[in-house]
1. Would you please report the Å³ per residue occupied by the convex hull of the alpha carbon atoms in the range 97-153?
2. What are the radius of gyration and Dmax of the range 1-107, computed over its Cα atoms and given in Å?
3. Show me, bin by bin at 5 Å from 0, the whole-percent P(r) of the range 97-219 based on Cα pairs.
4. Pairs of alpha-carbon atoms within less than 8 angstrom and 6+ residues apart define the contacts here; what relative contact order does the range 136-219 have, in percent?
5. So who's got an amide H within less than 5 Å of the one on D180, skipping anything under 5 residues away but keeping other chains? H placed 1.01 Å off N, in plane.
6. Give the residue list of trypsin sites (Lys or Arg not before Pro) in the range 103-161 that are DSSP loop and have at most 12 other beta-carbon atoms within 10 angstrom.
7. At a 10 Å Cβ-Cβ cut-off, how would you order D47, D72, D104, D180, fewest neighbours first?
8. Considering the Cα trace of the chain, what is its radius of gyration and what is Dmax, both in angstroms?
Amino acid sequence: MKKFVAVAGNIGVGKSTLVALLCHRLGWQPFYEPVAENPYLVDFYADMRTWAFHSQIFFLTHRLRAHRQLLDHPTSAIQDRSVYEDAEIFAHNLYRQGLIHTRDYGTYRELYEVLTEFLPPPDLVIYLRASVPTLMARIERRGRDYERQITSMYLAQLNELYETWIAGFNLCPVLTVPSDDLDYVANSGHFDLIVLKVQEKLTGKEEVVFNPEEMARLR
């Protein structure tokens, strides 16, 4: 049966890599973050308080369109970052920082909630959980210039929002992957274990967890 899986997690946690590996193993279609020229980005970085709302609306509309296209795709597919994260993590964080006004944030939330009510959820969300030191190390290792300004404090803020969101998320099953302990790039056994857990979750198994003893045997 056709399946729709979304991979969620903080910056640097390894979402795109896991999407690529799963698609190669399972023969599914990858859907990466929409590549689009945000016409507000230059203004946003010059004056975040004025342009944060506009920029987030742009990102939300593109993420919603990608979600809809993925649902209409004829084969099973895996999405790199979900539409939920745009609102629950990144827009929320801008609001907490005072960069989106309360009135504008209320409008944004209402739009997001109304649209997602009519948007079928994925069959599964894979949540990659990692500590800030792990995230910082991976960001440094991949060496992207535009990520050099990311601070540990910022990642910690996002991690807090991710944990709050995932704890209350009930639109579909969630598989939480302990990414501090599983190196699915360097250790094929770790990746095989993730594939097994994903398949178990998609077939309806309720209690699917990563047992520490099970992981230790694969080191």
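1. Details: hull volume 8.3 nm³, N = 57.
Considering the Cα atoms of the range 97-153, their hull volume per residue is 146 Å³.
2. Rg then Dmax for the range 1-107, in Å: 15.5, 47.
3. Going out from 0 Å in 5 Å bins, the range 97-219 shows 2, 8, 14, 16, 17, 16, 14, 7, 4, 1, 0 percent.
4. On the way: 30 pairs, mean separation 19.4, N = 84.
Here the relative contact order equals 23 percent.
5. S131
6. On the way: sites: R103, R109, R129, R138, R141, R142, R144, R148; in loops: R144, R148.
Answer in residue order: R144, R148.
7. On the way: D47 10, D72 7, D104 16, D180 13.
By the 10 Å Cβ count, ascending: D72, D47, D180, D104.
8. 17.5, 52
Bear in mind these aren't lab numbers, they're just calculated from the coordinates by the rules spelled out. Note that the structure is a prediction, hence the values are computed from the model and not measured. Methodologically, a virtual Cβ is constructed for each residue, glycine included, from the backbone with ideal geometry; neighbour enumeration extends over all protein chains shown.
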